[in-house]
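The values are calculated or read from the model by the stated rules, or taken from the named source; none is laboratory data. As the structure is a prediction and not an experimental result, all values here were calculated from the model. Cβ coordinates were reconstructed from backbone atoms using ideal geometry, including for glycine residues, and neighbour counts include every protein chain displayed.
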Amino acid sequence: MSQTQTVLSVRGAQRRYVKKGQAALASADLDLHAGRITALLGPSGSGKSTLLRAIAGLERLDGGEIRLGDTVWSGHGAHIPPETRRVGMVFQDYALFPHLDALSNVAFGLKGKDAKDIAQAQLEAAELGHKAKAFPHELSGGEQQRVALARALAPSPAVVLLDEPFSGLDRRLRHELRDRTVQTLKAAGATAMIVTHDAEEAMAVADELALMDAGRVIQTGTPDDVWMRPVSAVAARLLGDVEIIESTVETGRADTPFGAVDAHGFDEGETVHALIRPQAFGLSLAKDGAFTITRRRSAGTHLVFEFAPAEGGDTHWHAHTASPSPLHEGDRVSVSLDPAYLSVVRR
Ligand code: ADP
């Protein structure tokens, strides 16, 4: 089986909750690939949960389709009920049955007389074999999440959907648990989608990233690709800090306050956005430099410099540079751009 074999595909998915309002899903397209983890990242209200729920069969589509291989799950008048879709779900609050112990929670969706054995093996894979008899209220938040994941994986689902699975946990535990979750999904060879609104988390878990905005998937790719080559200002902003400079293309270049940048492939006179990551800026001390450092602060792993045109005005930009640095507030600097951290897109 090839690594990029499509397991599940969503095409033109539409979902409208109120007749005239904005659609929760405008026309969303997404492929989930065999054995890969896709992180679905978007701001609150962008339609992530609606898409997850539509894949699970908990929402009906108003248009478009969802297919597992050749089987239509949603669309063309069909709607396969959630219980017959081969989907494993991990909810934000884990949704464990409070009156069942960990083993019975994991065994819940399993049929046949070996259900308990499969459930026990799944718990052991989650290093929770010793907690089989514990009830949810006797487990920590992290353990509950691991039981929820074990329950989702136990019936060997075609796809596993995780809705903000780390949001209820403190920061240190979050990191530990997300690494563990990735390991568990990989060990099971699962095809998975993790919904999150946290860019750092999305990039940490994803083989493939899908960016969502206003009911559409606006970009997909590896975290690296998407970070380095955002398709729009909205996509760039979703993954972190970026300076957005509007410019007009002249003879294949777009002028910015930091010099002209390559803009081949665009029409002459076209309005574009230069998307500049803070890592792109090189600041060097220069007596007659065109910029002044207006603020310097440490962000632990790097320094953040705010700089502005030397002649004044309201505009300022942010640069991230390695620590230590000889530059300080009030210094005049010249600014260069590393093209690796910048892209030019249509406005
Ligand atoms: P996200 O998960 O990205 O935060 P959602 O899918 O929850 O976004 O919501 C997308 C849009 O649909 C939002 O505008 C939200 O208010 C609306 N919405 C979601 N669920 C319902 C519902 N059951 N009834 C009405 N509107 C809803």
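Tabulated results
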| read-out | value |
| --- | --- |
| Residue check for residue 156: modelled with pLDDT of 90 or more, surrounded by fewer than 23 Cβ atoms within 10 Å (Cβ to Cβ) and of a type in the set (Ser, Thr, Tyr) | yes |
| The lone exception for residue 147 - which of (1) under 19 Å from residue 53 (Cβ atoms); (2) over 21 Å from the mean Cα position of the chain (by Cα) it fails | (1) |
| Tally of residues being modelled with pLDDT of 95 or more and among the acidic types (Asp, Glu) across the range 63-116 | 1 |
| Flag if residue 122 is assigned to a helix (DSSP H, G or I) and within 26 Å of the chain's Cα centre (by Cα) | no |
| Long-range neighbours under 9 Å by Cβ, at least six apart or interchain, first residue in contact (Cβ under 8 Å) with a residue 12 or more places away in the chain and on the phi > 0 side of the Ramachandran plot within the range 11-36, second more than 10 Å from the ligand (Cβ to nearest atom) and β-branched (Val, Ile, Thr) | 35/7; 35/191 |
| Restricting the range 47-74 to residues that are small (Gly, Ala, Ser) and touching a Leu at 6+ places or on another chain (Cβ under 7 Å), the residue that is surrounded by the most Cβ atoms within 10 Å (Cβ to Cβ) | 54 |
| Long-range neighbours under 6 Å by Cβ, at least six apart or interchain, first residue free of Cβ contacts under 8 Å to residues at least 24 places away in the same chain within the range 208-226, second within 16 Å of the ligand (Cβ to nearest atom) and not in a strand (DSSP E or B) | 218/235; 219/235 |
| So residue 11, is it more than 24 Å from residue 92 (Cα to Cα), in a strand (DSSP E or B) and touching an Asp or Glu at 6+ places or on another chain (Cβ under 8 Å) | yes |
| All positions within the range 17-46 that are over 30 Å from residue 186 (Cα atoms), within 9 Å of the ligand (Cβ to nearest atom) and either buried (at least 16 other Cβ atoms within 10 Å of the Cβ) or acidic (Asp, Glu) (or both) | 23, 24 |
| Flag if residue 58 is within 14 Å of the ligand (Cβ to nearest atom) and over 24 Å from residue 183 (Cα atoms) | yes |
| Residue match in the range 189-206 (condition: of a type outside the set (A, V, I, L, M, F, W, C), touching a His at 6+ places or on another chain (Cβ under 6 Å) and within 30 Å of residue 282 (Cβ to Cβ)) | no |
| Those strands (runs of 3 or more DSSP E) lying entirely in the range 255-347 with at least 3 residues hydroxyl-bearing (Ser, Thr, Tyr), surrounded by 17 or more Cβ atoms within 10 Å (Cβ to Cβ) and out of contact with any strand residue (DSSP E or B) (no Cβ under 8 Å at 6 or more places or on another chain) | none |
| The one condition in (1) within 18 Å of residue 246 (Cβ to Cβ); (2) in contact (Cβ under 8 Å) with a residue 40 or more places away in the chain; (3) not aromatic (Phe, Trp, Tyr) that residue 269 fails to fulfil | (2) |
| Candidates 59, 65, filtered to the one that is assigned to a strand (DSSP E or B) and touching a residue at least 12 places away in the same chain (Cβ under 8 Å) | 65 |
| Of all residues making up the range 14-55, the number that are part of a strand (DSSP E or B) and among the basic types (Lys, Arg) | 1 |
| Among (1) loosely packed, with under 15 Cβ neighbours inside 10 Å; (2) away from the ligand (no atom under 16 Å from the Cβ), the one test that residue 191 misses | (1) |
